[in-house]
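The values are calculated or read from the model by the stated rules, or taken from the named source; none is laboratory data. Model, not experiment: these values are computed from the prediction. Here Cβ is always computed from backbone atoms with ideal geometry, including for glycine, and neighbour counts include all displayed protein chains.
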Amino acid sequence: MGNIFSGSEIVEMAVEIEKNGRDFYNSAALVLKDKNVKDIFKYLASQEEKHIKVFEGMLSAVKKYEPVKAYTDEYFSYIKALSEEHVFTKKKKGKEIAKTVKDGKRAVELGLSFERDSILFYYEMKNFVPESERNIIDGLMKEEQMHLRKLSLLRKRCYA
């Protein structure tokens with residue numbers, strides 16, 4: 001079957017995830033009434049914008065990289081399924097999903113789900129980038145984990 005994705009395709013998916021995350025947080029912030037939730041969503045959107053720049057910077061290095069490890073068809077099928085299930089790998093999906101936000105609770109639940117999915121995707125993505133770039137992915141995962149904690153605390157504080 002051969003490789004389903006190249007390293008650059010994985011990073012391009014990550015760029016799309018971050019763009020959709022930014023668009024979701026910005027669009028949801030426009031309809032949210034609670035200033036605290038609105039401010040957190042604006043902050044998260046700015047963080048996603050930074051992540052876009054990091055991933056775009058990685059693209060040139062990753063395009064030249066060929067993973068050393070031979071991956072099985074099952075593993076590539078897993079990555080393909082993971083990317084297809086991750087709603088934020090589809091173009092313009094962030095704004096579309098933000099249209100379903102009617103209140104802060106729904107927005108926070110969606111944000112939590114997207115952040116968890118992103119962490120899982122980036123964890124698996126590390127296998128497709130040069131070892132020298134993996135610390136960048138680790139750093140981004142830590143930031144996504146911070147977003148997850150921030151949203152989790154927000155849910156407990158406002159919607160428990």
Taking the condition of being modelled with pLDDT under 70 and not in a helix (DSSP H, G or I), how many residues in the stretch 51-106 meet it?
10
Do we find a residue being modelled with pLDDT of 65 or more, out of contact with any Cys (no Cβ under 8 Å at 6 or more places or on another chain), of a type in the set (D, E, K, R) and surrounded by fewer than 19 Cβ atoms within 10 Å (Cβ to Cβ) anywhere in the stretch 17-28?
no
On the given criteria, is Met13 surrounded by fewer than 14 Cβ atoms within 10 Å (Cβ to Cβ), modelled with pLDDT under 85 and in contact with a helix residue (DSSP H, G or I) (Cβ under 6 Å, 6 or more places away or on another chain)?
no
Keeping to the stretch 128-156, report how many residues are touching a Gly at 6+ places or on another chain (Cβ under 7 Å) and β-branched (Val, Ile, Thr).
1
Subset of the stretch 39-52, residues buried (at least 18 other Cβ atoms within 10 Å of the Cβ), under 17 Å from Leu154 (Cα atoms) and without any contact (Cβ under 8 Å) to a residue 40 or more places away in the chain, comes to Ala45
Out of the stretch 128-156, which residues are at pLDDT below 90, touching a helix residue (DSSP H, G or I) at 6+ places or on another chain (Cβ under 6 Å) and of a type in the set (D, E, K, R)?
Glu133, Arg134, Glu144
